[in-house]
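Let me begin by presenting the structure, written as structure tokens, before commenting on it.
The values are calculated or read from the model by the stated rules, or taken from the named source; none is laboratory data. This one's a predicted model, so the numbers in the text were calculated from it and none came from an experiment. With ideal geometry, Cβ positions are generated from the backbone for all residues, glycine too; neighbour counts draw on all protein chains shown. Just so you know, the surface numbers come from the protein's heavy atoms only, side chains and all, with ligands and any DNA or RNA stripped out. Shrake-Rupley method; radii C 1.70, N 1.55, O 1.52, S 1.80 Å.
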Amino acid sequence: MELPDGLKLPAGAQTHNLKSMNAPFASGSNPPDAMVVIPCTMGTMGRIAHGYSEDVLLRAADVTLKEKRKLILVPRETPMSLIHVKNMELLLLAGAIILPANPSFYSGADSVVQIVDTVVARVLDHIGIPNKLAPRWAEEKE
Ligand SMILES: Cc1cc2nc3c(=O)[nH]c(=O)nc-3n(C[C@H](O)[C@H](O)[C@H](O)COP(=O)(O)O)c2cc1C
């Protein structure tokens, strides 16, 4: 509903069947360097926080945490209940990064995509991918 043309992945993006554990990152013997759940619903946040591993997304998050690799969750929900906040507290204590989809406005963005990119840029920063997706605070104009 939010994407009139549906979700289109860029060429080369690999997809994995949610219900099949036949993916390299489903095992701690082959953990990912980093995992990002974007957007991460409150439902998925709760399932990861409590160690549900009934599909490969949840299992991958479990592997990423137990192997001390970087797990970034990008929640979008408002308002938040105590349940949401307690699940986030548990995930922070377990070493996850909670990076809400809160855009920055000092970038003077004038399109939805540019606003969204202020969030994507922070995710890329946290997984160590250099990017110029969004202007940075007090950045010298080139
Ligand atoms: C109209 C509508 C709006 C929703 N908005 C949100 C939202 O903003 N944030 C959120 O975390 N979940 C939202 N949800 C709930 C998720 O879509 C729902 O929990 C879904 O089952 C999550 O599935 P998943 O966690 O397997 O992706 C919404 C559900 C509906 C019906």
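The lysines whose alpha-carbon is closer than 28 Å to the alpha-carbon of residue 8, local same-chain residues fewer than 8 away aside, are 19, 70, 132. Classify segment 67-142 from the C-alpha gyration tensor, please: rounded if a/c falls under 1.5, else prolate or oblate depending on whether a/b exceeds b/c. Because a/c hits 1.5 or more and a/b fails to exceed b/c, segment 67-142 counts as oblate. Ligands, DNA and RNA left out, the 1.4 Å accessible surface of the chain is 58% carbon and sulfur atoms. From its DSSP helices (H runs of at least four residues, each -39,500 (n - 2.57)), the chain gives a residue-normalised ellipticity at 222 nm of -10000 deg cm²/dmol.
Pairs of alpha carbons in the chain separated by more than 27 Å make up 28% of all such pairs. Here segment 31-101 has an Rg and Dmax of 11.0, 34 Å, counting Cα atoms alone. In the calculated pair-distance distribution of segment 93-133, the portion above 14 angstrom amounts to 49 percent of the Cα-Cα pairs. Under 17 Å from a label point 7 Å along Cα→Cβ of residue 34: give me every residue in segment 87-124 with its amide N that close. Output list for this probe position: 95-102, 117-124.
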